[in-house]
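*Asks:* Okay, here's the structure, questions in a sec.
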Amino acid sequence: MALEDIIKFQLKRINPFPGLTIDADMWQEAHSYHRDQQRLHILAFHDVGIIEGLEVIANDPPDLSVMIQPGVAVDPEGNIIIVSQPQHYQLKKSNKGTIYLVIQFREVPAGPYQPAEGGQATRILEAYRIQETEKLPDEPHLELARIDLGPEGGGAIRDAKAKSRPGVNEINLSFRREAKSAAPTSGPPVVPEKTGADITEVTGSARETVTVGHKVLGAAGKDLHCTGWRNLVGEVIRQGKFAASFNDNVPLNKSINQYTLVYLTGNGGFELTTHEQAALGGFLQSGGIIFGEGCSEGQQETESKGAKEFGLAFNQLASQLNCKLESVQRGHTLLSVVNVFSGVPQGAAAGMVLEGGHMIYSGSDYGCAWQGGHQDQPLPRDIIRSSFEMGTNIVAYAQTMKAAGH
């Protein structure tokens, strides 16, 4: 969890002494202290996400409902969610579009009641709510699954035949946030032998979690570059340098401060509201990295006009946020933080990266390169490989800057 979220906790406990009056408010405050201590411990020393279980599977026989298996999770506020029995959920929406199945922590008044008839609840049940939404909610939640529904009456919900590429009416589990285990503390950290360049910034944060928030701006499809980012996050995790997670189409509000890097993409110009721009400004002040990238797929005939329009709009946004973008040249940290490059590598487009004031812009279209290139122009293996290596550098650079709080 980000430092600015942890330090919001203000712990205050009861100071007992003979004669102290104990009433309902005092009792409530005493118990709230212990709850806040528990939530703070979880957020500071463990991780947010699904700990175990909560798998979403198709009903048998398949219909417009799903089964949610028992499991345990921790929500973004440090609340523990326990689902003790399988839950059958009937989808309310059946027309075309993407739905998100989310779980949220809820407190429910429970008995016994005082007085027994119509009195106040004497217990609070720490429960949960499962619901479907057409966009991810702004309030704390965990995504269990999403489903891309076909046309009305287009068929029942089924498990994905290919987990990495769910189809229409298939359950997509790719965006679930899995909680990572805490780092072991039984002994001193292993200090790698230095081999020339000082790499302590990278190795020192090897157990950190890098969280990426994705947002499509303008009229482009909301899944733009999502597949590429899932591939990159998977590669980062496999390398073992960082734990990583990816959330798509996050709202641009104060909640983005939980992320290490916010990725903005599109294939045309865009305009942000005053509130969205203010949220991005606050994110930069917290040490976060804003990474912008236009998509040029299908635009060869118009010389990538849409990607260029996105780049101009992003540069204007950078100016509004008091960030001066300059060309990344040999010797820049982005070209050496993990993998060493002599210059910016090519992606699905010619290599071009600008950086300044915690903002990065890429004209290289790495988002498409991370999924193999454009549909009509697949990339050779060496370009895909170097694009993944540059992506790893960008993720590592963002984590280093966020951790340093620059």
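Throughout, read-outs are computed from the coordinates displayed, never taken from laboratory work. Remember, predicted model here, so these are calculated numbers, not experimental data. Here the Cβ positions follow ideal geometry from the backbone for every residue, glycine too, while neighbour counts run over all protein chains shown.
*Asks:* Once R0 is set to 30 Å, what does the formula 1/(1 + (r/R0)^6) return for the Cβ-Cβ distance between Ser84 and Arg385, expressed as a FRET efficiency to the nearest 0.05?
*Replies:* 0.05
*Asks:* Taking the Cβ-Cβ separation of Thr21 and His41 as r and a Förster radius of 41 Å, what is the calculated FRET efficiency to the nearest 0.05?
*Replies:* 0.85
*Asks:* May I ask you to sort Asp365, Asp138, Asp148 by Cβ crowding, counting other Cβ atoms within 10 Å and putting the fewest first?
*Replies:* Least to most surrounded, the residues fall as Asp138, Asp148, Asp365.
*Asks:* Using a cut-off of 14 Å between beta-carbons, work out the net charge of the residues near Val353 (Lys and Arg +1, Asp and Glu -1, Val353 not included).
*Replies:* -4
*Asks:* What is the spin-label model distance, in nm, from Lys12 to Ser342 if the labels are put 7 Å beyond Cα along the C-beta direction?
*Replies:* Going from the Lys12 label point to the Ser342 one covers 6.3 nm.
*Asks:* Fewest to most neighbouring Cβ within 10 Å: what's the order for Lys8, Lys96?
*Replies:* Lys8, Lys96
*Asks:* Still on this structure: Defining a contact as two alpha carbons under 8 Å apart and six or more residues distant in sequence, what relative contact order in percent does the chain show?
*Replies:* 11
*Asks:* Tell me the mean residue ellipticity at 222 nm calculated for the chain from its helices only (DSSP H runs of n ≥ 4, each -39500 (n - 2.57), averaged over every residue, nearest 500).
*Replies:* Result for the chain: -7500 deg cm²/dmol, rounded to the nearest 500.
*Asks:* What are the DSSP H helices in the chain that stretch 27 Å or more along their long axis, judged by alpha-carbon atoms, and whose average Kyte-Doolittle hydropathy comes to at least -0.5?
*Replies:* Passing helices, by number: 381-404.
*Asks:* Still on this structure: Ratio of Rg to Rh for the chain, alpha carbon only, Kirkwood?
*Replies:* Rg/Rh for the chain comes to 1.01.
*Asks:* Further, regarding this structure: Exactly which GluC sites (Glu not before Pro) in the range 73-150 are in a DSSP loop and have at most 12 other Cβ atoms within 10 Å?
*Replies:* Here the sparse-neighbourhood loop sites are Glu117, Glu134.
*Asks:* Which of Arg13, Arg381 has the fewest other C-beta atoms within 10 Å, and how do the rest follow up to the most?
*Replies:* Ordered by Cβ neighbours within 10 Å, fewest first: Arg381, Arg13.
*Asks:* Another one. Stokes-Einstein D for the range 283-406 at 10 °C, 1.306 mPa s, Kirkwood Rh over Cα pairs, in µm²/s?
*Replies:* This corresponds to a translational diffusion coefficient of 107 µm²/s.
*Asks:* Where does each of 336-346, 209-219, 25-35 land if you order them by average Cβ count within 10 Å, highest first?
*Replies:* 209-219, 336-346, 25-35
*Asks:* Tell me, what HN-Hα J-couplings in whole Hz come from the Karplus equation 6.51 cos²θ - 1.76 cosθ + 1.60 at θ = phi - 60° for each residue of the range 290-295, using x for Gly and Pro?
*Replies:* So the J values, rounded to whole Hz, are 9, 10, x, 7, x, 9.
*Asks:* If amide hydrogens are placed 1.01 Å from N in the peptide plane, which non-local residues have theirs closer than 5 Å to the one on Ser296?
*Replies:* Sorted by chain and number, the residues that satisfy this come to none at all.
*Asks:* Another question, then. Based on the Cβ-Cβ distance of Asn95 and Asn59, what FRET efficiency does E = 1/(1 + (r/R0)^6) give at R0 = 22 Å, to the nearest 0.05?
*Replies:* Rounded to the nearest 0.05, the efficiency is 0.70.
*Asks:* Taking 0.36 nm per residue of separation and subtracting the Cα-Cα distance, what length does fully extending Asp223 through Ala162 add?
*Replies:* That pair, Asp223 and Ala162, stretches by 20.2 nm at full extension.
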